[in-house]
Amino acid sequence: RIILLAERFTDVLFIAVGSNKQQQEYFKNLSDSLGIKNIIWVRFIPQSEVMNFLYAADVLLMLFTWRVPTMHYCSPLKLFEYMAAGRVIVGEAFPTITEVLEHGKTAFLAKPDDFDSLCENLHQALQSDRASMMAEKAREEAFYNYTWEKRAKGILNSIEGMLN
């Protein structure tokens, strides 16, 4: 879907990070064949370099579908990395996402698997004067509510509750 977004938002530069060499070549050839020149395809990078890309972005896209098996029961880790980066997030309102993010408050969330809704939300994120405030709110939430320490304490409290 990033190719379709790039086709629609020709004045936006998209950077897709995290493909192997074969995927990179396939998607680059596909976008080139469609005349889409506003996507840069980056292969897998070390985890230590991910934040450089996140900080360089104006908008961070979370493009998932119901076909992602874990979408039914857990939040993707990249969600928390995106929040911590303090950049506006555009994604889809899957239940596992809306447990963490709130549309219009901490992110722009489209209807799941609805391309027009995704486009509308990306447009809003690019144009909104509230985007930076929303990004900062998401960042605050990440550092206050979603640390590894808080997660570990929650797990330990659950185990303790089961044992008592």
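The values are calculated or read from the model by the stated rules, or taken from the named source; none is laboratory data. This one's a predicted model, so the numbers in the text were calculated from it and none came from an experiment. Reconstructed Cβ throughout: ideal geometry from the backbone, glycine too, with neighbour counts over all protein chains shown. SASA here: full protein model, heavy atoms, side chains in, ligands and nucleic acids out. Shrake-Rupley method; radii C 1.70, N 1.55, O 1.52, S 1.80 Å.
Structure notes:
- Note on Trp148 and Cys74: the model spin-label points, each 7 Å out from Cα along the C-beta direction, lie 1.5 nm apart.
- Three-way shape label, the range 50-98, alpha-carbon gyration tensor, a/c 1.5: prolate
- Sparsely packed loop sites in the range 58-105 (the trypsin sites (Lys or Arg not before Pro) outside DSSP H, G, I, E and B with at most 16 other Cβ atoms within 10 Å) comprise Arg67, Lys105.
- Label zone (Gln127, point 7 Å along Cα-to-C-beta; backbone nitrogen cut-off 16 Å) within the range 33-49: none.
- Largest first, the residues Phe80, Phe27, Phe108, Phe143 sort by 1.4 Å accessible area into Phe143, Phe27, Phe80, Phe108.
- Cα centroid separation, the range 105-164 to the range 65-85 (Å): 10 Å
- Linear extension gain, Ala57 paired with Ile45, 0.36 nm per residue minus alpha-carbon span: 2.7 nm
- Rel. contact order, % - alpha carbon contacts under 8 angstrom, at least six apart, the chain: 17 percent
- For Asp113 and Ile159, a Förster radius of 30 Å and the Cβ-Cβ distance give a FRET efficiency of 0.25, rounded to the nearest 0.05.
- Of all accessible heavy-atom area on the range 1-80, the percent that carbon and sulfur account for (1.4 Å): 57 percent
- GNM top mover of Val90, Val17, Val59 - the chain, alpha-carbon springs below 10 Å: Val17
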